[in-house]
Amino acid sequence: MRSCRPSSPGQHSHVGLDTGIFFLLFYVHVWLIVDPRLVDHAVGIVSSYSSLSFTTGWPFFREHLLRPGGIVEYVTRFSTPFFCWGWLGALIVTAVAWGTCFSIDALTRLAGLSRGIAVRLGPPLLLLMLYAGYSQPLRVGLSLLVVLAGFGFYTRAAPRNRTTLSVVVPAMCFALYYIAGSASVLFPVLVAVYELLVRRQWFAGLAGLFWGLAVPAILGTAWLGFPLRNAYAEFLAPVSGVTVADWPYVLALHLYFPVVLTGAALWKAMIARHEGNARNAASRTPSPSLSARFQRFLLAEESSRRMKTAAVFLGVAGIVWFNHVPYAKVVLKTDYCCRHGKWSQALEAAAKMPSRQYSSRFNRNVVLALYHTGRLGEEMFCYPQTNNTDLYTVSEVEDDVLPYLQVARFFMEIGEINRAERYACEVLTGTGDLPVVLEQLATINMVKNRPQTARVFLNALSKKPLHCRTAQERLRELGDDLRMDDDPTVSRLRKVMLTRDSVSYVTGVEATLMRLLARNRRNKMAFDFLLVHYLITGQPNQVVANLQYLEDFGYRRIPRHFQEAVVAHASATGDWSLTDEYGVAPEILGQQVLLTQILASAPSEDEAVKAAIAAGLGDSYLFYLRFGRSGL
């Protein structure tokens, strides 16, 4: 078997078929499985929006030019909004991942080994793990590529003269710290490993390590006045766009490259020593040892190809495994679809959420999607509901802005404009100039006939790259008609909005919905949610009392859950004539009979619940009314 000689440091290698297959699968997985649109949507929810906000104009650009790492940060802020196009976001992620893979090849070639070993897939998989958690680690990836490019330049042009080295190394450390920030600390570590283990230049290695570690302290702390922790932030604390839970992956990604370079240099030295010993002992060694045969297998050309192929499939398996728990994606996708009015898709996404993972804010999106698809009265109890479900109250202690964004949209649509404005302002105060909030506040102020205030928010929105055209069109419309009477959104909201606030600070749900209906008798959303409130709070009699108004809101038949409320009310009062009056379906009457039989025969409450679910009653209002929850 012919041995495969390690390539020289200057030898070039081409992208192999294994690499092409891996990154094709990587791109498809990021695009279709991770879904970069959700990464963009998660900004302000999973990752901090203030650290990723972008504004056009010279002052914003100049601000970033004046601080270390500002250039990479500016590019990150500029690129993040483009993740709203999934294919483009996946392309950006794949390009960064390919750059890290190419850098591993370059590092192994510096140590005298050929490209293609399995460790080259490590950085892409670490990046994928970060994106699978819906963080935005683009700044981490770009900083790494800048530092690795700087190290590549150094290895090609590194002088051997000590005097020149003493100038070049600190100059590059200062330049990289200015461009990439504290991630540049990786550069002197790579220089030290390269000079000490590959070139055997002790002075250059130690000098590079000293300057690289000293520059952040000199430039950041002494000159710019940063705290020492901030000067080395990317190694001592989570960076912008990355959660605390994901920070260990960022640290592992930074340390991966010097570890690979060190390992490759030591492996090359071991191979050289082994080949020398083998030549000296060839005449007196009858058969190679087990370790020698293992090393020969690793260096064999056929074995190398097999290892590359195996690495591709192991990498793909790792991609699938690290994304096996999709609950975060379900929450984000459901909210994303609701924000963009894709109500059927929201319900498709919500169907993948286990009942034990439900929360009130997730359920709020489900109920809104059911309403907009006309399925609220038919399928509400097909999803987990409990008798303490509250669609209207938001906890004051939340770890992200998702619930505030939800209720701001909900209250605005139903007609409670003041409450919508309150929660939108909460988001603005907590996160900054999130485009969706700027647009919402502009619309609210148009509805409330405050054109000057609306202009403030529209001017801020016009500085967002992907929203400037919409903002400018709205500004032109506002200039032509200060009241915006011809705008369909503004006109509709004015017809349903409450014009007077309640005197009481705390207003009951029923009273609020009744006031909305008194303001506009055609407010279908208020009517439907009033009946939902009666269902949730166990008042089937109130549901029956309002069925006479169904035709006013376009209902051609009584939805299933409302028919079940009629049966529940008839069972409680003994007036079964109501079932004929409202045309209750025979199968719903049969459900009531079956549930009564189960309750009479079951030895305990738990057994009754199991039997009722087994009989197919778990998604009915009758089950909910009896057991206080839906039991799918």
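Values in this text are rule-based calculations from the coordinates and carry no lab data. Since this is a predicted model, take the numbers as computed values, not measurements. Cβ atoms come from the backbone with ideal geometry, glycine included; neighbour counts cover every protein chain shown.
Taking the Cα atoms of region 364-471, the ratio Rg/Rh between the radius of gyration and the Kirkwood radius comes to 1.03. Counting only residues at least eight positions apart within a chain, or on another chain, the lysines with an alpha carbon under 26 Å from that of residue 333 are 342, 352, 464. Compute the label zone of residue 386 within region 324-366: residues whose backbone N is under 17 Å from the point 7 Å along Cα-to-Cβ. Hits in region 324-366 for residue 386 at 17 Å: 354-366. Going by neighbour counts of Cβ atoms within 10 Å, the residues 267, 576 line up, fewest first, as 576, 267. Label point 7 Å out from residue 149 along Cα-to-Cβ: which residues of region 175-196 have amide N under 17 Å? Taking a point 7 Å out along Cα→Cβ of residue 149, the residues of region 175-196 whose backbone N falls under 17 Å are 175-187. The gain in end-to-end length when the residue 63 to residue 459 segment is fully stretched comes to 140.6 nm, 0.36 nm per residue minus the alpha carbon separation.
Listed from fewest to most Cβ neighbours within 10 Å, the set 195, 426 follows the order 426, 195. Note on residue 200 and residue 518: the model spin-label points, each 7 Å out from Cα along the C-beta direction, lie 9.3 nm apart.
From largest to smallest, the equivalent ellipsoid semi-axes obtained for region 50-143 from the alpha-carbon gyration tensor read 29, 17, 10 Å. Highest mean packing first, where packing is the average number of other Cβ atoms within 10 Å per residue, the peptides 414-425, 355-366 line up as 414-425, 355-366. Neighbour counting of Cβ atoms within 10 Å sorts the residues 343, 202, fewest neighbours leading, into 202, 343. Relative to its residue count, region 417-497 spans a Cα convex hull of 78 Å³ per residue.
One chain, two ends: residue 491 and residue 581. Fully extended at 0.36 nm per residue, the span grows by 28.5 nm beyond their Cα-Cα distance. Ranked by the mean number of other Cβ atoms within 10 Å of their residues, highest first, the peptides 137-150, 67-80, 560-573 come out as 137-150, 560-573, 67-80.
Quick one: pull the percentage of alpha-carbon pairs in region 538-627 with a separation above 19 Å. Percent of Cα pairs beyond 19 Å in region 538-627: 40. The spacing between region 26-64 and region 340-377, judged by their C-alpha centroids, is 25 Å. Once the gyration tensor of the Cα atoms in region 71-195 is diagonalised, the equivalent ellipsoid follows with semi-axes of 28, 19, 10 Å, ordered largest first. Take every Cα pair under 8 Å whose residues are at least 6 apart in sequence, average their separation, divide by the length of region 394-501, and the relative contact order is 23 percent. Region 535-606 and region 394-453 have Cα centres separated by 38 Å.
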